[in-house]
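Encoded as C-alpha cells, the structure appears first; notes follow it.
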C-alpha cells in the first residue's frame, strides 16, 4: 500500500495467485497488518473486499504490507451517515479486457479460457477502448499464461508499451500463469485520444520457441 484511503481487493485479482475463491467471507478470510487483524467490509455480491489502508510515508519502512490468510476475519462496523466535507470530481474506474477463444485444459485453472496467442517474434497492438481517462495516474495489470519452457533461463521476454512509451521489460521462466502490474504516471493515458497498448515478444532469448497466451488486461 502506497496511499492512505479505502482499498479494494476482488476475487478476480486473487486468481493469478491461486486463490480460487467463489466469494469473500469473514468466516474464512483474515486480513492483517504486522500480525494484527484488520477489519474489512464485503460488498453484497461477496466479490469485493474493502478496508481502510494506512500508508507509511517513511522511505525506510515503506511500503505498508497487508496480508490475506485463511482464518476468521474481522467485520468492519457500518453505520448510515450523511456526507461531509468537500467532494472530489475525480474517482477511480476499473475496466477489464478479456478474450476467451483458446481453451487450455493443461492450466488446471478455474477459468481455462484464454485470449490472444503471441508467438515470438511478434507485436500485438491492442486499443484500450471503453475508458475515459482524465489524464491522471493509472495502473495497468496484464495476466498471461506462458506455455513453453526450455533449459535456458529466462524462457520468456515481453515488452510492454503504451502510446509508444515503453513501460516494462518483463522476463520470467517456466510454464505458468503470471501477471504484471505497472503504475502509470500522469499523462500516459490520453483523455482525448486512442490509448494503444503494445505487447512485443522480441524473440531475443535463447529458447528455441516461445508461446504466451494473454489472459486478461
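FYI, it's all coordinate maths here, none of it is from the lab. Note that the structure is predicted; figures quoted are calculated from it, not measured. Positions of Cβ are backbone-derived with ideal geometry, glycine not excepted, and every protein chain shown enters the neighbour counts.
In table form, for the structure just shown:
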| quantity | calculated |
| --- | --- |
| All positions within the range 100-125 that are surrounded by 12 or more Cβ atoms within 10 Å (Cβ to Cβ), in a loop (DSSP other than H, G, I, E, B) and within 20 Å of the chain's Cα centre (by Cα) | 100, 109, 111, 112, 115, 116 |
| Among (1) surrounded by fewer than 18 Cβ atoms within 10 Å (Cβ to Cβ); (2) under 18 Å from residue 120 (Cα atoms) - the single one residue 182 does not satisfy | (2) |
| Conditions (1) out of contact with any helix residue (DSSP H, G or I) (no Cβ under 8 Å at 6 or more places or on another chain); (2) over 23 Å from residue 180 (Cα atoms); number of the one not met by residue 94 | (2) |
| Given (1) exposed (fewer than 12 other Cβ atoms within 10 Å of the Cβ); (2) closer than 23 Å to residue 134 by Cα; (3) in contact with a strand residue (DSSP E or B) (Cβ under 7 Å, 6 or more places away or on another chain), number of the condition residue 192 does not satisfy | (3) |
